[in-house]
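This report refers to the structure that appears directly beneath it.
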Amino acid sequence: MTTTARTGPGPSVLCVLDRAYRGAVEAQFFHALYGLLDLHGQFERMDVALRGAAVTMAVEEDIYRPSVRLGTMVLDTLPDYRGSVRDLVAEGFEVLVDRDAVTALGFAPERLVTGTTCLAPAELAGRWPRYDQVWFV
């Protein structure tokens, strides 16, 4: 059973991410998952649901390197989203991943970061009432 981050006095929050990699070059030092790690101490519980292309943040890959080539320059200070998902799990967040999105993008649910929970979309939506607030990040 996954434990959830219960640290602060605020409401319980489920943060839903549908879109991945928004502004990775521009947001090298701060991205949504990093921000959630920073904010979670202010809430009773803060968990994350990954849907759409954002599920790829939870897929383990051996060859993934957070870098991109721009012309002759290699930018290697990009966010490590998979590392951030591992950090969320380590901090006690429940990280829920949309199974249909995972398979639609050609990944096997078994390849997800250890500690994440892969659910059918209806199961994922069925958990929303457990939270005081649902944020779309």
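Observations
- Nearest-0.05 FRET efficiency for GLU61 and ASP132, computed from C-beta distance (R0 41 Å): 0.75
- Long-range Cα-Cα pairs in the chain (distance over 26 Å), rounded percent: 21 percent
- Across region 10-136, Cα pairs under 8 Å and at least six residues apart give a relative contact order of 34 percent.
- THR103-LEU70 pseudo-label distance in nm [points 7 Å out on the Cα-to-Cβ vector]: 3.9 nm
- Per residue, the accessible area of the chain comes to 53 Å², computed with a 1.4 Å probe over protein heavy atoms only.
- Surface share of carbon and sulfur [accessible, 1.4 angstrom probe, percent] for the chain: 54 percent
- When the charge dipole of the chain is built from unit charges on Cβ atoms (+1 for Lys and Arg, -1 for Asp and Glu) and taken about the Cα centre, the candidate among LEU119, MET73, ALA101 whose Cα reaches farthest toward its positive end is ALA101.
- Rounded tilt (10° steps) of 81-90 against the dominant C-alpha axis of the chain: 30 degrees
- Residue range of the chain that is longest and free of chymotrypsin sites (Phe, Trp or Tyr not before Pro) which are both DSSP loop and sparsely packed (at most 13 other C-beta within 10 Å): 65-137
The values are calculated or read from the model by the stated rules, or taken from the named source; none is laboratory data. Note that the structure is a prediction, hence the values are computed from the model and not measured. As a convention, Cβ positions derive from the backbone with ideal geometry for all residues, glycine included, and neighbour counts pool all protein chains shown. To get the accessible areas, we keep the full protein, side chains included, count just its heavy atoms, and leave off ligands, DNA and RNA. Shrake-Rupley method; radii C 1.70, N 1.55, O 1.52, S 1.80 Å.
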